[in-house]
Structure formats: C-alpha cells, structure tokens
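Following: one structure in structure tokens, then a few remarks.
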Amino acid sequence: MRLDTAAHRDLPFGTELLVTNPANGAAVKVRVNDRGPFVDGRIIDLSKAAAGKIGLLALGVAPVEIQIVSIPPGSAVPQWNSPGGVISQVEEEARSRWEEKNETSPLPGAFLIQVGAFSQIENAQRLKDQVSRIGLASQIVPSNTGIYRVQIPGVSKGEVDGILLNLKSLGISAPLVRKQP
C-alpha cells in the first residue's frame, strides 16, 4: 500500500506503467504486482500511495490514461497480429497509441471518450444504442484485433464533465477520456 504499485488482470508482474490523471495532468510510474480489478469497466487498481500522488485518493474510481513503460525481460514481447492473451492486449494498447498519433482529429484540442470495448459487435451496438438514447452521438470503431470500441469523438473540454455525468446515469462510471491528436 505504501509503494507505487498496481493490479492488472493480464499484464506480466513487474511491468512498469505510467498512469496519468487526465483531469490534472499528474502522473505516477507504477509496477504491476497483483491481479485485478475484477469489476467490469475497470482495467487497473492503483495502490493508495500511487492514487494519492495523482489526486485520485478521494475519488476512488476515475478515468486514467495508461502507458506501458517497460515489460520485464523474459515476458511476452508485443507483436502485431499475435494470438490472444497478454500479447494481444499489449498489442492493442500499442496499436491504439499509434492510431491516435496518426489520425487527424475532427476538432483540434478535442477529447475522445471511449465508453466501452467489446469482442462482439452486438455488445458494442447495444451500448451505442444506450448512449444514443440519452442524446449522445457515438461511433463503433473496429480494430484489426477484433475489438469494437464505442467512442464519443470531438468532445470539447467544457463538455467532458457533463457527458461523464450522463454516462454515469447508464452505469458507466469509468470511461476512458483522452485528448485527440
């Protein structure tokens, strides 16, 4: 609890991550030393020390940005078009970062809110329909690895908090918010 550590479902123990709080820009480097979280919609649990360093201690659950800093020697090395498991999750994160840097943004300075990611398009469509019913325009973005992301693109900084509140009414408490390139 006093070290800067994290729990992740699939990444190898010893993996170093840079976790950033997009609300304030604060970042902390953590090491994966546990498994979890086992709650839908959450991908990482931070230690109390790490959460405190980026201003998340009082919130409990909040969106964060995660970057892989290093993977321990002898662990699976990310490769494009690899079969399932840890490699494809790491591959998907790396591919996503590459795509973000190489796509043009519909609005400079805009944010993208990722509401969910699914391996079955039917589930992505169901969530997209729910989001539409509360008046938000979303899109399904397929990846080369069979993941279907439900995203709300082109959100201004002033709109982010309101949209997050609307999503919370659907039970979506921790969507991914990131700045579009």
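The values are calculated or read from the model by the stated rules, or taken from the named source; none is laboratory data. Note that the structure is a prediction, hence the values are computed from the model and not measured. Here the Cβ is made from the backbone with ideal geometry for all residues, glycine too, and neighbour counts use every protein chain on show. Calculation scope for accessible area: heavy atoms of the full protein, side chains included, ligands and nucleic acids excluded. Shrake-Rupley method; radii C 1.70, N 1.55, O 1.52, S 1.80 Å.
The table that follows gives values for the structure above.
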| read-out | value |
| --- | --- |
| Flag if VAL28 is over 25 Å from LEU127 (Cα atoms), at pLDDT 90 or above and in contact with an Asp or Glu (Cβ under 6 Å, 6 or more places away or on another chain) | yes |
| Cβ-Cβ under 6 Å pairs, at least 6 apart or on other chains, segment 13-34 side under 10 Å from GLU65 (Cβ atoms), far side small (Gly, Ala, Ser) and outside any loop (DSSP other than H, G, I, E, B) | LEU18/ALA27; THR20/ALA27 |
| Residues (surrounded by fewer than 17 Cβ atoms within 10 Å (Cβ to Cβ) and not charged (D, E, K, R)) located in segment 161-180 | GLY162, LEU165, ASN166, SER169, LEU170, GLY171, SER173 |
| Residue identified as of a type outside the set (Phe, Trp, Tyr) and at pLDDT 85 or above among VAL19, VAL77 | VAL19 |
| Residue check for ILE68: closer than 20 Å to ILE113 by Cβ and either open to solvent by 20 Å² or more (accessible area, probe 1.4 Å) or aliphatic (A, V, I, L, M) (or both) | no |
| Tally, over segment 117-151, of residues that are open to solvent by 50 Å² or more (accessible area, probe 1.4 Å), of a type in the set (S, T, N, Q) and part of a strand (DSSP E or B) | 1 |
| Candidates ARG2, ARG9, ARG35, filtered to the one that is basic (Lys, Arg), closer than 27 Å to VAL160 by Cβ and open to solvent by 30 Å² or more (accessible area, probe 1.4 Å) | ARG9 |
| Condition check for SER88: at pLDDT 85 or above and of a type in the set (Ser, Thr, Tyr) | no |
| Qualifying residue in segment 38-55 (condition: surrounded by 14 or more Cβ atoms within 10 Å (Cβ to Cβ), among the aliphatic types (A, V, I, L, M), over 22 Å from PHE118 (Cβ atoms) and in contact with a helix residue (DSSP H, G or I) (Cβ under 6 Å, 6 or more places away or on another chain)) | no |
